[in-house]
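K.L.:
Handing you this structure, nothing more for now.
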Amino acid sequence: MPSLVIVGTQWGDEGKGKIVDLLSADADLVARFQGGANAGHTVVIDKQEFILHLVPIGILHPGKVCVLGNGVVIDPRVLLSEVDELSARNIEVDGRLFISEAAHITMPYHKLFDEAKEIKRESKKVGTTHRGIGPTYTDKMDRIGIRAIDLLHFDVFEEKLKANVEEKNFFLENYYHHETTNYDDMVGEYRGFAQRLRPWIKDTSIIVNKFISGGKRVLFEGAQGALLDIDFGTYPFVTSSSTIAGGACTGVGVGPSKIDSVLGVTKAYTTRVGAGPFPTEFSEKLEEKMRIKGREYGATTGRPRRCGWFDALLVRRAVRVSGIDRIAITKLDVLDGMNTLKICKGYMYEGEIVDEFPAQTAILGECTPIYEQIWGWSESTREARTLGELPSRARKYLDRISELVGAEVAAVSVGPRRDEVILTDSKFW
Ligand code: GDP
Ligand code: IMO
Ligand code: MG
């Protein structure tokens, strides 16, 4: 029963794409279980860079089956342009990509609502990706969403769309004073999408469970990170899905007893795109330096990422809520050449030590980190392929992170390329 969930342990962009790619080589099926086109997962193969927003990373490995589970929200425009781009690069998805019948579809009005709500929030913006994610999940929970299966029953699609457009345009026009959508244009466009998507829309829970019961290897590819989780993140500065490992069960339709292990992907420092508290955020000068060195610009929106020291308190929480057994630490090489490094072990709030995540987000914003200082290293780590080849101070840094977050280190990534990695535990499955 070899199944493995891979999740981000911080605010996203930890390098999940690279780690999923690495482990996809030995997987039979790769499934996304939440999120939508807000994700941006990067893989660098030789000199070629692939950034995927919706299609699971497994597609880059010939013959692997890929699934977009019911927990994913799908923007057909983004999905099909991604598929076309892959095809132009000689990667065919036909017969390999399946979409859950129950996955919800992002419509143009979801994106307009996303924008309009952000404008209305003025100084309290979440800093969303404007991909319509929140509004698509809102409609799902409100039981008015359009699902992939509706594309196969176009009369149902049209009926649902009519009711939605009437309501959405009313609010867009009269409350948000924003651009509205046109029913006829959407019917035309989505009829075309339906034709192309038809062969891929299936009951994917059956497919995935068959793979698992047949002893095949299934990898669940998480998007975003634990601190962006709708329940356990820095609410309201979060995304609208369950980004933690439990989301793999509800987002694909497999039982918890079928999950064997959970791997957390952890950046060697911390980054965040969008608004919200970030206790270990660097001062402007250091942030700029790290951003350039780590190329910290959003893979989806191109926005500069905020950067800060490693926050062990936050990752410890991620380890707990996702039941993470092991972590893969990425971007260690970005810390090469720094004299000293800091790891945040806890916070101070109103003169008291805080060693658990404060539920009130405003309080998190007022917490001051308690740091432990660690010596940096001057050597390059990029050529290291075993732990022994790393500078001893880099090993100490990894050991301390492992100790503080309560998870073993299974892999260390030392560069963006596929081969720039140290595997410390070859038994991932
Ligand atoms: P994801 O959303 O978690 O998949 O991460 P992103 O792809 O959005 O961002 C991670 C970025 O870091 C990408 O540009 C990767 O190519 C790059 N990257 C991944 N691992 C490493 C690493 O170990 N070192 C360096 N320097 N870059 C890395
Ligand atoms: P990957 O999978 C980093 C952030 C946005 C914003 C908040 C809500 O590449 O790690 P949304 O559009 O989801 O409603 O925005 O979540 N966000 C991400 N940040 N990586 C991501 O995905 C993200 N997906 C959403 O910046 O703060
Ligand atoms: Mg990303």
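K.L.:
Any chance you could run the full-extension gain for LYS216 through ASP184? It's 0.36 nm times the residue separation minus the Cα-Cα distance, nm to one decimal. Could the numbers behind the result be given before it?
P.N.:
On the way: separation 32, 0.36 × 32 = 11.52 nm, distance 4.47 nm.
Value of the extension gain: 7.1 nm.
K.L.:
Return one quarter of the surface area of the convex hull spanned by the alpha-carbon atoms of the range 287-331, equal to its mean projected area, in nm². Mind dumping the intermediate values first?
P.N.:
Working: hull surface 16.1 nm².
Average projection, Cα convex hull of the range 287-331: 4.0 nm².
K.L.:
Rounded to the nearest 20 debye, what is the charge dipole size of the range 104-197 about its Cα centre when +1 sits on each Lys and Arg Cβ and -1 on each Asp and Glu Cβ? Don't jump to the answer; show the numbers that get you there.
P.N.:
Values: 15 positive and 17 negative charges, 102 e Å.
Dipole size: approximately 480 debye.
K.L.:
Moving on. Highest first, please rank the peptides 146-156, 313-323 by the mean number of other Cβ atoms sitting within 10 Å of their residues.
P.N.:
Details: 146-156: 17.5, 313-323: 22.5.
Most protected by this proxy first, the peptides run 313-323, 146-156.
K.L.:
Local charge sum around GLY63 (other residues, Cβ-Cβ under 15 Å, Lys/Arg +1, Asp/Glu -1)? Write down the numbers at each step before the final one.
P.N.:
On the way: positive: LYS64, ARG96, LYS216, ARG217; negative: ASP21, ASP26, ASP28, GLU92, ASP94.
Residues close to GLY63 contribute a combined charge of -1.
K.L.:
Report the convex hull volume per residue for the range 1-150, counting only C-alpha atoms, in Å³.
P.N.:
On the way: hull volume 20.8 nm³, N = 150.
Normalising the Cα hull of the range 1-150 by residue number yields 139 Å³.
K.L.:
In the structure displayed, which of LYS18/LYS427; LYS267/LYS345; LYS111/LYS140; LYS111/LYS210; LYS124/LYS289 lie more than 25 Å apart, Cα to Cα?
P.N.:
LYS111/LYS210; LYS124/LYS289
K.L.:
Normalised by the empirical 2.2 N^0.38 Å for globular proteins, what value does the Cα Rg of the range 266-423 take?
P.N.:
Details: Rg = 15.5 Å, N = 158, 2.2 N^0.38 = 15.1 Å.
This ratio for the range 266-423 stands at 1.03.
K.L.:
Whole percent per 5 Å bin, from 0 to the bin with the longest distance: what is P(r) over all C-alpha pairs of the range 104-197?
P.N.:
Percent of pairs per bin, in order: 3, 14, 24, 25, 19, 9, 5, 2, 0.
K.L.:
Sequence neighbours fewer than 8 away in the same chain don't count; with that in mind, list the aspartates and glutamates whose C-alpha is under 14 Å from LYS202.
P.N.:
ASP94, GLU101, ASP150
K.L.:
Residues with amide H under 5 Å of VAL409's amide H, sequence separation 5 or more or different chain, H placed in the peptide plane at 1.01 Å from N; which?
P.N.:
The answer is ILE327.
K.L.:
Using θ = phi - 60° and the Karplus curve 6.51 cos²θ - 1.76 cosθ + 1.60, what whole-Hz ³J(HN,Hα) does each residue of the range 38-43 get, with Gly and Pro shown as x?
P.N.:
Values per residue, Gly and Pro as x: 6, 6, x, 10, 9, 10 Hz.
K.L.:
If you place +1 on the Cβ of every Lys and Arg and -1 on the Cβ of every Asp and Glu, how big does the dipole about the Cα centre of the range 270-384 come out, in debye to the nearest 20?
P.N.:
460
K.L.:
Could you give each residue of the range 312-324 its phi-based ³J(HN,Hα) in whole Hz, using Karplus coefficients 6.51, -1.76, 1.60 with θ = phi - 60°, and x for Gly or Pro?
P.N.:
5, 4, 5, 5, 4, 5, 4, 4, 5, 6, 9, x, 6
K.L.:
Please arrange GLU284, GLU101, GLU296, GLU389 by how many other C-beta atoms lie within 10 Å of their C-beta, fewest to most. Present the calculation step by step, with values, prior to reporting the outcome.
P.N.:
Numbers: GLU284 8, GLU101 17, GLU296 23, GLU389 14.
The order, fewest Cβ neighbours first, is GLU284, GLU389, GLU101, GLU296.
K.L.:
What's the local net charge at GLU118, with K and R +1, D and E -1, over the other residues with C-beta under 14 Å away?
P.N.:
Its environment carries a net charge of +4.
K.L.:
Separate question: Under 20 Å from a point 7 Å along the Cα-to-Cβ line of ASP26: which residues of the range 381-403 have their amide N that close?
P.N.:
So the set is 385-388.
K.L.:
Give the long-range amide H neighbours of ILE146: residues separated by 5 or more places, or on another chain, with amide H under 5 Å away, using H modelled in the peptide plane at 1.01 Å from N.
P.N.:
For ILE146, whose amide H was placed from the backbone, the distant partners under 5 Å are ILE105.
K.L.:
Show that you can apply the helix-only estimate: for the chain, add -39,500 (n - 2.57) for every DSSP H stretch of four or more residues, divide by all residues, and state [θ] at 222 nm to the nearest 500. Kindly include the intermediate steps, with their values, before the conclusion.
P.N.:
Details: 13 runs with 143 residues, N = 429.
Dividing the helical sum by the residues of the chain leaves -10000 deg cm²/dmol.
K.L.:
Okay, next question. Compactness ratio of the chain: Cα Rg over 2.2 N^0.38 Å, N = residue count? Before the final figure, lay out each step's value.
P.N.:
Details: Rg = 21.5 Å, N = 429, 2.2 N^0.38 = 22.0 Å.
It is 0.97.
K.L.:
Length gain on complete extension for the stretch LYS162 to ARG77, per 0.36 nm per residue less the alpha carbon to alpha carbon distance?
P.N.:
Values: separation 85, 0.36 × 85 = 30.60 nm, distance 1.99 nm.
Result: 28.6 nm gained on full extension.
K.L.:
Peptides 106-112, 208-214: what's the order by average Cβ count within 10 Å, highest mean first? Don't skip to the answer; put the middle values down first.
P.N.:
Working: 106-112: 24.0, 208-214: 16.4.
Descending mean neighbour count gives 106-112, 208-214.
K.L.:
Continuing with the same structure: Identify all aspartates and glutamates with a Cα-Cα distance to LYS216 below 19 Å; exclude those on the same chain that are fewer than 8 residues away in sequence.
P.N.:
Partners found: ASP21, ASP26, ASP28, ASP203, ASP260.
K.L.:
If I take R0 = 45 Å and measure r between the Cβ atoms of ASP399 and ALA362 in this structure, what FRET efficiency does the formula 1/(1 + (r/R0)^6) give, to the nearest 0.05? Let's see the in-between values first.
P.N.:
Details: r = 35 Å, r/R0 = 0.77.
So, using R0 = 45 Å, E works out to roughly 0.85.
K.L.:
Output the antiparallel fraction of DSSP beta bridges having both residues in the chain, as a percent to the nearest 5. Provide the component values of the computation, followed by the final result.
P.N.:
On the way: 25 of 62 bridges.
Of the beta bridges lying entirely in the chain, close to 40 percent run antiparallel.
K.L.:
Put +1 on the Cβ of every Lys and Arg and -1 on every Asp and Glu Cβ in the chain; which of ALA226, GLN195, VAL78 then has its Cα farthest towards the positive end of the dipole?
P.N.:
Checking the options against the dipole of the chain, the answer is ALA226.
K.L.:
Now for a different question. Run the dipole for the range 55-143 about the Cα centre, Lys and Arg Cβ at +1, Asp and Glu Cβ at -1, nothing else charged, and hand back the magnitude in debye, nearest 20.
P.N.:
360
K.L.:
Under the Karplus relation 6.51 cos²θ - 1.76 cosθ + 1.60, θ = phi - 60°, what is the ordered set of whole-Hz ³J(HN,Hα) values for the range 201-216, x standing for Gly and Pro?
P.N.:
Going residue by residue, I get 7, 9, 7, 6, 4, 5, 4, 5, 5, 5, 4, 5, 5, x, x, 7 Hz, with x marking Gly and Pro.
K.L.:
On to the next question. Applying a 10 Å radius around every beta-carbon, put 2-12, 377-387, 302-312 in order of their mean neighbour count, most first.
P.N.:
Details: 2-12: 26.5, 377-387: 15.1, 302-312: 20.5.
Going from most to least packed, we get 2-12, 302-312, 377-387.
Any read-out appearing in this document is the output of simple, stated calculations on the displayed coordinates, not a laboratory observation. These numbers come from a predicted model, not from an experiment. Every residue, glycine among them, receives a Cβ derived from its backbone with ideal geometry; neighbour counts consider all protein chains shown.
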